[in-house]
Amino acid sequence: MTIMERRVDTDERTPASQVRARPSAVVWINGRIATVVCKDADGQEATWTIERGVEPELAYLAGVVRAIGDRERVMILGPGSERLALEREYVAIRRRPERLVDVEPSGPLAEADLIERLRLLAA
């Protein structure tokens, strides 16, 4: 499994004392790759790309759950079966089903679209 992290630089930064974002994550996943976009309470955004490679499905899903971390709200997007498998693994590991935001299955989304959804989710 390959995990690549990239910090998202924005010009919209506010002093930490003024930021009240909810720690949130938006994930797009399929059977080969996952993109995880996260926002911390201090407003910092980061993106992880996780490639499955030759890892078994459960190891891949567990790696995605680790990248999501302990966020208050989590939106999982992607084809139905992969999205459902990640939701189940998230609940099995984190034991916090109430943090999952229910959405419909979706096709691939660009990173910019994921970041926009994250900003709405964290508001």
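The values are calculated or read from the model by the stated rules, or taken from the named source; none is laboratory data. Quick caveat, the model's predicted, so the values are computed rather than measured. Positions of Cβ are generated from backbone atoms using ideal geometry, with glycine treated the same way; all protein chains shown enter the neighbour counts. Note: areas computed on protein heavy atoms with side chains; ligands, DNA, RNA excluded. Shrake-Rupley method; radii C 1.70, N 1.55, O 1.52, S 1.80 Å.
I'm trying to understand the selection: among the residues of the stretch 39-77, which are charged (D, E, K, R) and part of a strand (DSSP E or B)? Residues satisfying the conditions are LYS39, GLU45, GLU51, ARG73.
The numbered conditions (1) modelled with pLDDT of 95 or more; (2) touching a strand residue (DSSP E or B) at 6+ places or on another chain (Cβ under 8 Å); (3) surrounded by fewer than 17 Cβ atoms within 10 Å (Cβ to Cβ); (4) not basic (Lys, Arg) are all true for VAL64 except (3). Restricting attention to the stretch 21-56 and to residues that are under 19 Å from ALA112 (Cα atoms), open to solvent by 30 Å² or more (accessible area, probe 1.4 Å) and free of Cβ contacts under 8 Å to residues at least 40 places away in the same chain, the residue that is farthest from the chain's Cα centre (by Cα) turns out to be GLN44. Does the stretch 73-95 contain any residue that is surrounded by fewer than 15 Cβ atoms within 10 Å (Cβ to Cβ), under 23 Å from GLU116 (Cα atoms), of a type in the set (D, E, K, R) and touching a residue at least 40 places away in the same chain (Cβ under 8 Å)? Scanning the stretch 73-95 turns up no residue that is surrounded by fewer than 15 Cβ atoms within 10 Å (Cβ to Cβ), under 23 Å from GLU116 (Cα atoms), of a type in the set (D, E, K, R) and touching a residue at least 40 places away in the same chain (Cβ under 8 Å). Scanning the stretch 94-116 turns up one or more residues that are at pLDDT 95 or above and at positive phi.
All told, ALA122 falls short of being in contact with a Leu (Cβ under 9 Å, 6 or more places away or on another chain) and open to solvent by less than 30 Å² (accessible area, probe 1.4 Å).
For first residues located in the stretch 97-123 and in a helix (DSSP H, G or I), partners that are of a type in the set (D, E, K, R) and open to solvent by 40 Å² or more (accessible area, probe 1.4 Å) and lie 6+ apart or on another chain with Cβ distances below 7 Å form the pairs ARG99/GLU72; ARG99/ARG73; LEU121/ARG73; ALA122/ARG22.
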